[in-house]
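The values are calculated or read from the model by the stated rules, or taken from the named source; none is laboratory data. Keep in mind the model is a prediction, meaning the values are calculated, not measured. Here the Cβ is made from the backbone with ideal geometry for all residues, glycine too, and neighbour counts use every protein chain on show. Heavy atoms of the whole protein, side chains included, go into the accessibility calculation; ligands, DNA and RNA do not. Shrake-Rupley method; radii C 1.70, N 1.55, O 1.52, S 1.80 Å.
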Amino acid sequence: MTIPDFQSLMRPVLAALADGEVRRSRHVKDAMVEQFELSAEERAQMLPSGRQRTMDNRVGWATTYLSQAGLIERPQRGQLRISPAGREALRRFPERIDMKVLETYPEYLAFRDRTRISTSDEPSAITPTTSVPETPELDRATPSELIERARRTNRAAVEGEVLKKALTLSPTGFEDLVIRLLEAMGYGRAGSVERTSATGDAGVDGIISQDPLGLDRIYVQAKRYAEDRPIDRPRIHEFAGALLGKQGDRGVFITTSRFTQGAHNEADRINARIELIDGAKLAQLLVVYGVGVQTEETVVLYGLDEDFFESL
């Protein structure tokens, strides 16, 4: 039997998790190898990069897409578990689950939309790590376009996963994550970045000192909320009051959720400058600055140096 494509693996992967038990992703990959009765040669087949087995790569893509659609969960690192929506999907689609099926899930549509947003102007800490899913347009795409498509898909997937992981942190853990991100972004390089909520500093979770004496400060508020619990105008007003109490005029409000229009209006209205970072932007920043993610593979394209040959 030939190695199945990643879409053909989606339902078998979900079915392997049907009993609701938590399983390691390695065990699921091995189970798929056995189920599809791959030969020793097929089991050992590697991607062109030589860094990953082809079958592992395709199972990985299947779990990524199922996760983005909300059909499987990742309770801990390297672990998989079917979600209630996943159980329902097995019932509704007894023959096959593929991209067309996933398009019926709002979570997947949100993921797909993220892959269409260009991030080429941003520094990227993540490079393509998997083969590009087959689509009718691939035979007309250039190598650069294929890599860009893989990069966008990878970025969107990792951003979705890192935001889900941030939501599992404790409030103090999320504050620590925000501090680590600000440090990675270069804030406090000449001074310091510290978490203050543990000291009972009401209304402020962190302070960025941009100079050694702490004369130039930025105050931080970090709230780990689900998307259905948006940050509204009163929260921004309270944060502005905390800044006023500290005679500060700059602040950053970071959340895993989103801000209402009233919150944006309040941030624009007050005298202090308050930057609002919602969950989507937070996920982008975590990936761009390499916080909570790691680079797995880089790709180099070569082009003919015509000037070199003309000089000979």
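Applying the condition of being among the acidic types (D, E) and open to solvent by less than 100 Å² (accessible area, probe 1.4 Å) to the stretch 93-106 and asking which residue is farthest from A16 (Cα to Cα) yields E103. Taking residues in the stretch 56-78 that are closer than 14 Å to E159 by Cα and small (G, A, S), and partners anywhere that are at pLDDT below 95 and part of a loop (DSSP other than H, G, I, E, B), the pairs with Cβ atoms closer than 7 Å and at least 6 places apart or on different chains are S67/R74. Among the conditions (1) within 20 Å of G160 (Cα to Cα); (2) surrounded by fewer than 21 Cβ atoms within 10 Å (Cβ to Cβ); (3) free of Cβ contacts under 8 Å to residues at least 40 places away in the same chain; (4) touching an Asp or Glu at 6+ places or on another chain (Cβ under 8 Å), the only one that T255 does not satisfy is (2). Counting only residues that are closer than 22 Å to T172 by Cβ, under 29 Å from the mean Cα position of the chain (by Cα) and among the aliphatic types (A, V, I, L, M), the stretch 237-268 holds 2 of them. Close Cβ contacts (under 7 Å, 6 or more residues apart or on different chains) running from residues in the stretch 212-229 that are within 16 Å of G160 (Cα to Cα) to residues that are open to solvent by 20 Å² or more (accessible area, probe 1.4 Å) and of a type outside the set (G, A, S) comprise R224/L167; R224/L169; R224/P171; A226/L167; E227/R258. Within the stretch 292-312, does at least one residue satisfy the condition of being part of a loop (DSSP other than H, G, I, E, B), polar (S, T, N, Q) and more than 31 Å from the chain's Cα centre (by Cα)? Yes, that holds for at least one residue. Within this structure, E275 fails the test of being open to solvent by 40 Å² or more (accessible area, probe 1.4 Å), in a loop (DSSP other than H, G, I, E, B) and closer than 30 Å to R114 by Cα.
Given the structure, is A283 out of contact with any Pro (no Cβ under 7 Å at 6 or more places or on another chain), buried (at least 19 other Cβ atoms within 10 Å of the Cβ), of a type in the set (A, V, I, L, M, F, W, C) and not in a strand (DSSP E or B)? Criteria met by A283.
Residues in the stretch 59-76: is at least one outside any helix (DSSP H, G or I) and open to solvent by 70 Å² or more (accessible area, probe 1.4 Å)? Checking the stretch 59-76: at least one residue is outside any helix (DSSP H, G or I) and open to solvent by 70 Å² or more (accessible area, probe 1.4 Å).
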